[in-house]
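The values are calculated or read from the model by the stated rules, or taken from the named source; none is laboratory data. Just so we're clear, the structure is a prediction, and the values are computed from it rather than from any experiment. Methodologically, a virtual Cβ is constructed for each residue, glycine included, from the backbone with ideal geometry; neighbour enumeration extends over all protein chains shown.
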Amino acid sequence: MAKSVFKSTLGRRQKIINSMKAKDIKGLSVNELAAKISEETASLSKLKLNHSISPLDNPMVIRDARRTIARLKTELTTKKSAQ
């Protein structure tokens, strides 16, 4: 599983999100997917707040976080419909 990593730059803490691979996402259970979605959503809102206060060095992490959440939600829907 991909984990969030903290990087210190010039006294500011910037959260870098590693996007999850499709193979990693498919290996998660329904409960794990739901937990990961809530975790990533909270992380995304923190990123947006930090970006509004002071610009992030790499604002593309916001887009990557949104896409990771979309991948997780898609897989969750697929697994629920298969049950």
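Go through GLU32, GLU40 for me and flag whichever is in a helix (DSSP H, G or I), farther than 11 Å from MET20 by Cβ and of a type in the set (Asp, Glu).
Details: GLU40 fails: farther than 11 Å from MET20 by Cβ.
Result: GLU32 is the single residue among GLU32, GLU40 that is in a helix (DSSP H, G or I), farther than 11 Å from MET20 by Cβ and of a type in the set (Asp, Glu).
Contact annotation: residue pairs with Cβ atoms under 8 Å, 6 or more positions apart or on different chains, pairing a residue in the stretch 21-46 that is farther than 14 Å from THR78 by Cβ with a partner that is basic (Lys, Arg), are SER43/LYS15; LEU44/ARG66; LYS46/LYS15.
The single condition among (1) within 19 Å of MET60 (Cα to Cα); (2) modelled with pLDDT of 95 or more; (3) loosely packed, with under 15 Cβ neighbours inside 10 Å that LYS21 does not meet is (2). Being surrounded by 16 or more Cβ atoms within 10 Å (Cβ to Cβ) and touching a strand residue (DSSP E or B) at 6+ places or on another chain (Cβ under 8 Å) is the filter here, so list the residues in the stretch 24-57 that pass it. Selection gives SER43, LEU47, ASN50, LEU56.
Picking from residues in the stretch 44-77 that are touching a helix residue (DSSP H, G or I) at 6+ places or on another chain (Cβ under 8 Å) and not aliphatic (A, V, I, L, M), the one that is nearest to SER29 (Cα to Cα) is GLU75.
Suppose we keep only residues that are part of a helix (DSSP H, G or I) and among the hydroxyl-bearing types (Ser, Thr, Tyr) within the stretch 47-83. Which one would you say is nearest to the chain's Cα centre (by Cα)? The qualifying residue nearest to the chain's Cα centre (by Cα) is THR68.
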